[in-house]
Amino acid sequence: MRTAPGVVLAPALAGTRRGDGSGSGGSVGTGEWGGRRRPQPQPQPRAREQAQAQTQDELRVSITETNAPLPAGEYLRVTTALENTGTDAIRTEASLLVGDDETRVSRRRLTIEAGRTRTIRQGFYTHPVPRNDEFTIRVAAGGQSSDRRVGVAAASSVPAARPTGELAVQPGAAVLFEAEAIDPNASQRTVWWVDGELIGGGVGGPWASTYYAERGAHYRWHEFESSGTHDVTAAVLPGTAPIAEPSRETYAARWRVDVTDGGAAPPTVEGVRPREQVVPISPATSTEFELLATDPDGSLDSVVWWLTQSDVILDVTELEGTRDTATISLSSGCHTCTVLPWVICTDGTVTALESRWELDARSGGDDGADGSGADGIAVSIQETNSPVDAGEFLAVTATARNGGSETRTTIVELVVGHDPTVVERRSVTLAGGERRELHLGYETYPTARNEQFPVRVVSDADAAETTVRVLA
């Protein structure tokens, strides 16, 4: 599953994977002992049962407070007191269980000193159900538990959401879901669910807040990998703090997505200009970026132009029909930032032109807009074949240009890694004004995990850098 940047998972659900809670005993060697086998210690289940029974007798568990009733979709907080009435410290695990099937949504390991009471706080985001509902919560620890019945009020429908209507997409297609602002002048939190599983929300990253400020909606980028019918739900919670007092009313947007071979395909991008991967920009001259988008279903909608690292939206270009062109002009930008267009269709399908244009925003002195200087041989990187599988050949296409009037010779090096290593070196001779395309590269090393690192093309007078990925 792939997601777009800028969204983080709800921290309240960290560590909720089910486990049996059992420990494993140590092993004992079986070497010879005085010509005989060493006697093995025998398990003592009775002693263990006695210890467990003692813990049950000495531990008291009581839910002391919740913030229910609350609107569906909001964060339910549960406060529990655990009292040790015995004479020895108790090490235990407190689990928060929800519903008739007692799904564990939170757990805490803690030690309670003899004669002391520990208070813990746990919680979870409730599902934004469309009708009033009640369910049981239970906190269990050391064989003891405390139950409470809680209620949630139905979530209203979001006034506006995109895409609209029935959705059918091909396996592997990405869809951009948008839950629009309830109040354009106020903040809101959005929690996202897919097939009943919470996948992110509450607090978004910088891209989420930027998109909300620019487009008036929170978004979720989701790639559907498997065929079948999937339910996507956005719970919209007016307010800012995820553990604050609950909102008076919550809202929900709901989509049903059929993933089938006959569904819509994501839009495609071609006619990309400039062709170079690293693009010099200068305040003296505007540089135009252009792409041609195609959607066979005729549902082209817009291009959102992101500038990575700065986390800003440069512009939004409206599209229509089956084929349309989008352009943007830049004369400034952060050095090494990437121009990243999202091509969006009205049916929600979306394509990102990732790692295509990296800005070279260095001040140029005598340099021209193409990065060629008059004092030596300038270099730039046009493209790479990143990402590549580990052990495969990483290809880098670069350009060397002699901006002067005399013939010059330089050594061009391909340098890779955070600990810079020269993997290729060649001599290049260029006549005055000559420009030459260079094909560089090396065989990547085997790795057990995905790697991301810089590659640089270096001459005696210039250097160009980009980032590549090697997949395990």
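The values are calculated or read from the model by the stated rules, or taken from the named source; none is laboratory data. The structure displayed is predicted, hence computed values, not measured ones. With ideal geometry, Cβ positions are generated from the backbone for all residues, glycine too; neighbour counts draw on all protein chains shown.
Output the number of residues of the range 334-350 satisfying the condition of being surrounded by fewer than 21 Cβ atoms within 10 Å (Cβ to Cβ) and either assigned to a loop (DSSP other than H, G, I, E, B) or of a type in the set (Ser, Thr, Tyr) (or both). Write out each step before concluding.
Just the residues of the range 334-350 that are surrounded by fewer than 21 Cβ atoms within 10 Å (Cβ to Cβ), to begin with: 334-337, 340, 346.
Then keep just the ones that are either assigned to a loop (DSSP other than H, G, I, E, B) or of a type in the set (Ser, Thr, Tyr) (or both); that gives 334-337, 346.
Final tally of qualifying residues: 5.
None of Asp324, Asp315, Asp301, Asp261 is outside any strand (DSSP E or B) and of a type outside the set (S, T, N, Q) except Asp261. Among residues of the range 384-418 being surrounded by fewer than 18 Cβ atoms within 10 Å (Cβ to Cβ) and hydrophobic (A, V, I, L, M, F, W, C), the one that is nearest to Glu434 (Cα to Cα) is Ile411.
Could you please let me know if Pro159 is crowded, with 18+ Cβ neighbours inside 10 Å, in a loop (DSSP other than H, G, I, E, B) and modelled with pLDDT of 90 or more? Judged against the criteria, Pro159 is not a match.
When the range 165-199 is filtered for residues that are without any contact (Cβ under 8 Å) to a residue 60 or more places away in the chain and among the β-branched types (Val, Ile, Thr), the ones remaining, listed by number, are Thr190, Val194. Looking across the range 319-333 at every residue that is farther than 12 Å from Leu291 by Cα and surrounded by 19 or more Cβ atoms within 10 Å (Cβ to Cβ), the one that is modelled with the lowest pLDDT is identified as Gly333.
When Asp258 is tested against (1) within 30 Å of Ala400 (Cβ to Cβ); (2) within 28 Å of the chain's Cα centre (by Cα); (3) surrounded by fewer than 16 Cβ atoms within 10 Å (Cβ to Cβ), only condition (1) is not met.
Here the strands (runs of 3 or more DSSP E) wholly within the range 59-118 that include at least 1 residues being free of Cβ contacts under 8 Å to residues at least 24 places away in the same chain and crowded, with 16+ Cβ neighbours inside 10 Å are 103-112.
Of everything listed in (1) surrounded by 14 or more Cβ atoms within 10 Å (Cβ to Cβ); (2) assigned by TED's automatic domain parsing to the domain that holds Ser226; (3) among the β-branched types (Val, Ile, Thr); (4) assigned to a loop (DSSP other than H, G, I, E, B), the single unmet condition for Val129 is (2).
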